[in-house]
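Novice: Would you mind keeping the following structure in view while I ask a few things?
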Amino acid sequence: MAKRDKIIIFDTTLRDGEQSPGATMTADDKLRIALQLERLGVDVMEAGFAASSPGDFVAIEQIARVIRNSTVCSLARCNKNDIEKAGMAISAAPRRRIHTFIATSPVHMEKKLHMTKDQVLERAIEAVRLARQYTDDIEFSCEDGYRSEPEFLYRICEAVIREGATTINIPDTVGYGIPALYGEFIRDLREKIPNSDKAIWSVHCHNDLGMAVANSLAGVQVGGARQVECTINGLGERAGNCSLEEIVMAVKTRRDFFNIACDVDTRQIVPTSKLVSSITGFPVQPNKAIVGANAFAHASGIHQDGVLKARETYEIMTAEDVGWKANRIILGKLSGRTAFRQRVKELRIPVKNEEEINEAFVRFKNLADRKVEIFDEDIQALFDERYIERQDLVFVSLDQHSATGQKPHAKVVYLENGVERHGEADGNGPVDATFNAIEACAKSNADLLLFSVNALTHGTEAQGEVTVRLSVGGRIVNGNGADPDILAASAKAYLDALNKLHLVKDRTNPQLSDTVLV
């Protein structure tokens, strides 16, 4: 199809999504998500902000070396250092883009940049001119574009298109837009700028008023934009960004209205959502559209009766279309390797060789001894263990006692570089006692910012996944642990976070870096 008949999905989970407080990712985390985004079929992935930190530069470089089917993009402010770093970081990618931006609203130019309109215009032109030395695919963004004066946007957009920008992005940086008005705003720019047809127009909406998806769709349908910038699970700064899964399924489900194509493989939406949630430690709310646990659940008797008679009575899309499994093969301790291998294949979990299957099958059997039923999420978690880095701190055992009217007490045993450590402490509750017992040995002085428990599966036998967020000296990391025993999962999560505090040298909290938001 011609470009004007297709919506370009620009995923910025790895850049804007990471700006969610506490969502910091290691280079390996980013690579895992990037590979899954490629399976998902996103057109462009913004791999990071190369100039923001050495760690981000390395992560973008690694992604650029392995991604072949999606365009790899780096963000860059309109200055020489940022653009040079971005150009070097993406150089290995077959398809590469530099996304450069500068603020254009009166409040940003005056209060933040301390620049005049003419200075901003000149800086934008110079940035696009420099970016062309590294790639022909250049995106220019007007930060806080929706609150900018249209007359100034006419000037600056026309100038950067003339200089070689191939995509023009008009962000609603603070989520101020209203769908009908935002769509008309984009249309007005395209109609008033003489060379607007020489570039693809893009929308990037934040969700402060809960309208990021609606504004983005209005930008497409009313404004004529053909690129949408979005994130998995709507992850992002403050209240989040436009949700990729909602944009994609709206366009596909209402093809009769939008009449545009989208190349995303929707069956990979749920696996991608789960991976991002697991890595960032941000659980998906049950009633989240498309990827929430209740998205295809029917509790009402009337609804159940209707769905059993004809699914279309209460479902406008199928669970299978987005990667959910409506029917499950019940796996347990009596299941064999063949059934296990088949389930792995059905879940589309990438496996390198038979040895990897065999190793996961051993872990499956160990888990099955503790659980009657094994669910899809359990199997996915078994394979997630492949990506766990070498751990300096390894959980061994937990002895915990609590009773009504008594102070909870915990004894924790873990290995530190192969040496057994024993910690013992009281606490205000069993979890607090467990963490205090670990700290009795570790002495990290970390601040606990978040403790979150999420059931990977349903029922009282559910394998629990715990996320803890620790902060030391301004560095923030997430730790994850999974176990049918929620207290053991808590201990594993805390130790995982401590491991990251020791091992993650290449990444700082994005909230502390000199990152300017688009």
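The values are calculated or read from the model by the stated rules, or taken from the named source; none is laboratory data. This is a predicted model, so every value here is computed, not measured. Heads up, the Cβs are rebuilt from the backbone with ideal geometry, glycines too, and the neighbour counts pull from every protein chain shown. Areas reflect the complete protein model, heavy atoms only, side chains present, ligands, DNA and RNA absent. Shrake-Rupley method; radii C 1.70, N 1.55, O 1.52, S 1.80 Å.
Novice: In nm, to one decimal, how far is the Val419 label point from the Val472 one, both placed 7 Å along Cα→Cβ?
Specialist: 1.6 nm
Novice: Tell me which of Gly22, Ala446, Thr135 sits at the most positive position along the dipole axis of the chain, charges placed on C-beta atoms (Lys, Arg +1; Asp, Glu -1).
Specialist: After comparing all options, I get Thr135.
Novice: Could you check what % of the DSSP bridge pairs in the range 35-184 are antiparallel, to the nearest 5?
Specialist: Just about 0 percent of them are antiparallel.
Novice: Let me ask something additional. Any idea what diffusion coefficient the range 1-85 gets from Stokes-Einstein, in µm²/s, Kirkwood Rh on alpha carbon pairs, 4 °C, 1.567 mPa s?
Specialist: 98 µm²/s
Novice: For a quick protection proxy, order the peptides 414-427, 98-111, 164-177, 224-237 by their average other-Cβ count within 10 Å, most packed first.
Specialist: In decreasing order of mean packing, 414-427, 98-111, 164-177, 224-237 become 224-237, 164-177, 98-111, 414-427.
Novice: Scan around Cys242 for amide H atoms under 5 Å from its own, H built in the peptide plane at 1.01 Å from N, and keep only partners 5 or more places away or cross-chain.
Specialist: Under 5 Å from the amide H of Cys242: Cys205, Thr231.
Novice: Using 1/(1 + (r/R0)^6) with R0 = 51 angstrom and r between the beta carbons of Ser402 and Leu35, what's the FRET efficiency to the nearest 0.05?
Specialist: Step by step, r from the Cβ atoms, then E = 0.75.
Novice: To make sure I understand the rule: partners must be aspartates and glutamates, Cα under 17 Å from the Cα of Lys288, and not fewer than 8 residues away in the same chain. Which ones qualify?
Specialist: The qualifying aspartates and glutamates are Asp208, Glu245, Glu246, Glu315, Glu320, Asp321.
Novice: Let's test the formula: R0 of 45 Å, r as the Cβ-Cβ distance of Asn358 and Leu209. What FRET efficiency results, to the nearest 0.05?
Specialist: 0.30
Novice: For the range 1-46, what does the accessible surface come to per residue with a 1.4 Å probe? Please give it in Å².
Specialist: 26 Å²
Novice: What ranking, highest mean first, results for peptides 183-195, 350-362, 131-143 when packing means the other Cβ atoms within 10 Å averaged over each residue?
Specialist: 131-143, 183-195, 350-362
Novice: Over the chain, with every protein chain in place, what whole percent of the accessible area is carbon and sulfur at 1.4 Å, could you tell me?
Specialist: Its accessible area is 51 percent carbon and sulfur atoms.
Novice: If you average the sequence gap of Cα pairs under 8 Å that are 6 or more apart and divide by the length of the chain, what percent do you get for the contact order?
Specialist: That works out to 13 percent.
Novice: Straight-line reach from Lys198: which aspartates and glutamates have a Cα under 13 Å away, not including same-chain ones fewer than 8 places off?
Specialist: By straight Cα distance, Lys198 reaches Asp137, Glu139, Glu158, Glu163.
Novice: Over 21 Å between Cα atoms, which of Lys30/Lys500; Lys333/Lys492; Lys274/Lys411; Lys30/Lys274; Lys6/Lys345 qualify?
Specialist: Over 21 Å apart, Cα to Cα: Lys333/Lys492; Lys274/Lys411; Lys6/Lys345.
Novice: Take each of the peptides 198-206, 62-70, 152-160, average the number of other beta-carbon atoms within 10 Å over its residues, and list them starting from the highest.
Specialist: Highest mean packing first, the order is 198-206, 152-160, 62-70.
Novice: To one decimal place, what orientation-averaged projected area in nm² is obtained for the convex hull of the Cα set of the range 88-212?
Specialist: About 8.0 nm², averaged over all directions.
Novice: Can you work out the accessible area per residue across the range 129-220, with the rest of the protein chains kept in place, probe 1.4 Å, in square angstrom?
Specialist: Counting only protein heavy atoms, the per-residue value for the range 129-220 is 38 Å².
Novice: Can you give the extra length, in nm with one decimal, that the chain gains between Thr253 and Val66 once fully stretched, where that is 0.36 nm per residue apart less the Cα-Cα distance?
Specialist: Here the segment from Thr253 to Val66 would lengthen by 64.1 nm.
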